[in-house]
Amino acid sequence: MRQLLILSGKGGTGKTTIAGAFIKLSFAEAFADCDVDAPNLHLITEQDVLPKKTDYYGLPKAEIDKALCTGCDLCRQNCRFNAISVYSDEEGTKKAGHCDAMCSGKVYKVDRFSCEGCGVCEYVCPVGAISMKPAVAGELMLYKNSERVFSTAQLKMGSGNSGLLVTEVKKQMKEAAGQNITKLTIIDGSPGIGCPVIASLSGADMVLIVAEPSLSGISDMERIIKTANQFQTKIAVCVNKYDTNTNNTEKIEAFCKEQKLPFIGRIPFDSEAVKAINDARTIVDIDCTSGRAVKEVYKETVKLLFDKGEGKEPVENSINIREQRGQSKP
Amino acid sequence: MKIAIPVDEKSMGTNVCVSFGRTPYFLIYDTESKESSFINNSAASSSGGAGIKAAQTIVDSKADVLLTPRCGENAAAVIKAAGIKIYKTTGVFVNDNIDAFIAGKLPVLEEIHAGLHDHGGR
Amino acid sequence: MRIAVLSGKGGTGKTLVSVNLTAAAQEAVYIDCDAEEPNGYLFFKPADIIEEPVTVMIPQVNNNLCIGCRKCVELCRFNALAYIMDRLLIFKEICHSCGGCVLVCPENALTESERAIGKIQRGISDSVEVSTGILNTGEASGVPIIKRLISMGSCEKNDPVHVDRPVFIDCPPGSACSVMESIKDADYCILVAEPTLFGAHNLNMVYELVKLFGKKYGVVLNKCLNGENPSEKLCIEKNIKILTHIPFDNELGILNSNGEIAVKKSEKYRDIFICLLEKVTKEVQNEGGVGA
């Protein structure tokens, strides 16, 4: 079983569009959307079942019990994240200025968006008025039918710690796939280079970087390569929308050659692709130039992924077998 | 000698867990008394630094050796500071790995990967 | 006037819009809060760069005073501490700088020192002041950098020379805590959306965010093609003000991908962005309610 992760560094390069196409082409039995901040893969992968939903709990958030609070102000003074404020009315709508003594009628409140769940306020409160309460930070979704498993999640607005949610998404996929030997799992990664990306790198056998031929795209591609290199996984690069700037595309190719990274293909900008996506389909569901190009990139990816001839049948061949058995999807 | 292994379930026939830091349980197997016990890994639900907390659990369990498929650099730092050696598991079954280790067939784990919360990239 | 430019999704044109609006305003400030993947400086190419590190406070231990009680290890919710063989190990990259361990140590064995997680570069490009946040690779969160950038920008209010300069904030993509920090003191939020199903889905997310924060907002529809525009549909459905449509245009694409500022190279785009700037300025000055 091989795990392919698709990353880009920069947003909007086409990760999800390409991931969707790969999933279609490979009849992937297990795939996941690790872009938990802004998941999109579910929009173009047809699901015929309702998802199983699970609350995801992040770090707990502090809660102040108004009844016990004496207004000593220790919590506010010790909060490094400015998450505690004092309000001068019962409704907690008007912020008071610096409160320097035990003052009744003032209300202390925790801003749940700024609270990092460190527990310092709970520790310093002399009357035990503060407790750390579990906080729902997102929702996991699992789509499972007899043929495949799709795991995804949505991080709740303003939550941090999406690295753990990404790990949960992958774990959920793995547990649901269970004992079925899946040849290939595909992970649609998230943009950036931070926590969620690093969490999605764990367990990946190969990373396909989708680059965009713009100055921003090249800069971001370099940063993501640096991040991925730390994980000693195979890395390959392809350029999407390559004809929007062929000079930059060539720069990317040259960079890959210099870094000894396989450059495995170019996909043209294609307005038909937009139409397919807006119809909630993948670019290989219709006949279009980007669809044809992505098929070639897919073939190269699979070759690289299953390299080292361990006697495993490449997924590409299994597509042909499925077609022969009349199992190809419409 | 006590061997620690990250496992998916609390049973001897179970699989080695692919993740060290977020494994649900650890198996502690005593090669002399042939006794095994399972400990919960409280780090599994941590938002970050799971490897470190899991490693602390292993150290506190007085294990001499850790068998695992992979290990992050922060967890490895903790394990090594305690003088515990890390070996790389092969294949999926716990029993096979214990046997292989006792027979001296498991390699030392060389590839320590960057921590999953973040890493030492400078 | 502080304008934040954000989008639920990456690659929609946040940087295009914020860079070009800043250039159209001429005497203005551009702040790049996308510290993981900053891009604005590639267009402005600022000179006379002053760099300042952004640091966080990290504990350090005096092993002579430490008695191994492990109260710090137990308190730390981020698992940044481990006690092994009579030594406290501190994992700096994991530490969230909450200061809890220092407070809880009964022997005063823990003190704090600064550690750099990134930097801010300030420079000048024509009459634009460019501030860029850069997160070191491997660090978990750009929030401390954004906080510093935003507070630096706030000094404008007390600076008699520059008090009228508009400030444009290029936000990180998504709707996570880094975005929230970026828009905290914005007077107006421009939401940039692309005409795809993905774009509309993510526009909805970020629209919920700005509503939650009680911000005035409006949408710029970018890369518009002929045919259905799911993002436009969403705006009409939810009664969200559309500030302008920017058509998909190869010329703009090439200028942008080569790091050129469109308003400086093209009359057409100069007009579009000056027009947009005027509209936004009016919206900010308009005392009417939030949103549409």
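Each value in this text was obtained by applying a stated rule to the coordinates, not by laboratory testing. Because the structure is a prediction, the values reported are computed rather than measured. Heads up, the Cβs are rebuilt from the backbone with ideal geometry, glycines too, and the neighbour counts pull from every protein chain shown.
Just a few scattered comments:
- Cα centroid of the range A:21-61 to Cα centroid of the range C:15-65, whole Å: 33
- Cross-link partners for B:K80 among the aspartates and glutamates, with Cα-Cα distance under 17 Å and sequence neighbours closer than 8 places in the same chain left out: B:D60, B:D64, B:E110, B:E111, C:D86.
- Computed on the range A:145-295, with alpha-carbon pairs under 8 angstrom and 6+ residues apart, the relative contact order is 15 percent.
- For B:D30 and B:D96, a Förster radius of 25 Å and the Cβ-Cβ distance give a FRET efficiency of 0.85, rounded to the nearest 0.05.
- Measuring between their Cα centroids, the range B:1-29 and the range A:192-251 lie 34 Å from each other.
- Principal axes of the range C:100-205: Cα extent on each, largest first, Å: 59, 43, 25
- Charge dipole (Cα centre; +1 on Lys/Arg Cβ, -1 on Asp/Glu Cβ; no other charges) of the range C:193-292 amounts to roughly 260 debye.
- Size of electric dipole in chain B: Cβ of Lys, Arg +1 and of Asp, Glu -1, about Cα centre, debye, nearest 20: 220
- Per residue convex hull volume, Cα atoms of the range C:1-138, in Å³: 143
- What the phi angles of the range A:252-259 give under the Karplus curve with 6.51, -1.76 and 1.60, with θ = phi - 60°, is a coupling list of 5, 4, 5, 4, 4, 4, 5, 8 Hz, glycine and proline written as x.
- The mean sequence distance of close C-alpha pairs (under 8 Å, at least 6 residues apart), as a share of the length of the range A:255-301, puts its relative contact order at 38 percent.
- nm² value of the averaged projected area, convex hull over the Cα atoms of the protein assembly as shown: 34.0
- Mean ellipticity per residue at 222 nm, deg cm²/dmol - from DSSP H runs of n ≥ 4 across the protein assembly as shown, formula -39500 (n - 2.57): -9500 deg cm²/dmol
- Relative contact order, whole percent, for chain B stands at 25, derived from Cα pairs under 8 Å and 6 or more residues apart.
- Helical segments meeting 20 Å axial Cα length and Kyte-Doolittle -0.5 threshold in chain B (DSSP H): none
- Positive-end extreme of charge dipole, chain C - chosen from C:I246, C:C235, C:S7 (charges on Cβ): C:C235
- Shape descriptor for the range A:1-61: Rg over Rh equals 1.00 (Cα atoms; Rh from the Kirkwood inverse mean 1/r).
- For the listed residue pairs A:K24/A:K61; A:K24/A:K170; C:K9/C:K264; A:K295/C:K241; C:K216/C:K264; A:K226/B:K105, the alpha carbons are over 31 angstrom apart in A:K24/A:K61; A:K295/C:K241; A:K226/B:K105.
- Proximity of backbone amide H atoms, modeled 1.01 Å from N, is registered between C:Q60 and C:T111, C:E112, C:S113 at under 5 Å, excluding neighbours fewer than 5 places apart on the same chain.
- D (Stokes-Einstein, µm²/s), Kirkwood Cα radius, the range A:185-227, 1.306 mPa s at 10 °C: 144
- Cβ charges +1 (Lys, Arg) and -1 (Asp, Glu), total dipole of the protein assembly as shown, debye: 860
- Considering only C:S141, C:Q285, C:N79, and ranking their Cα positions along the charge dipole of chain C that arises from unit charges at the beta-carbon of Lys, Arg, Asp and Glu, the one farthest toward the positive end is C:N79.
- Under 12 Å from the Cα of C:K71 - aspartates and glutamates, other chains or at least 8 residues apart: C:E107
- Note on the range C:199-292: percent of Cα-Cα distances in each 10 Å bin, starting at 0 and stopping at the bin with the largest distance, equals 14, 40, 35, 11.
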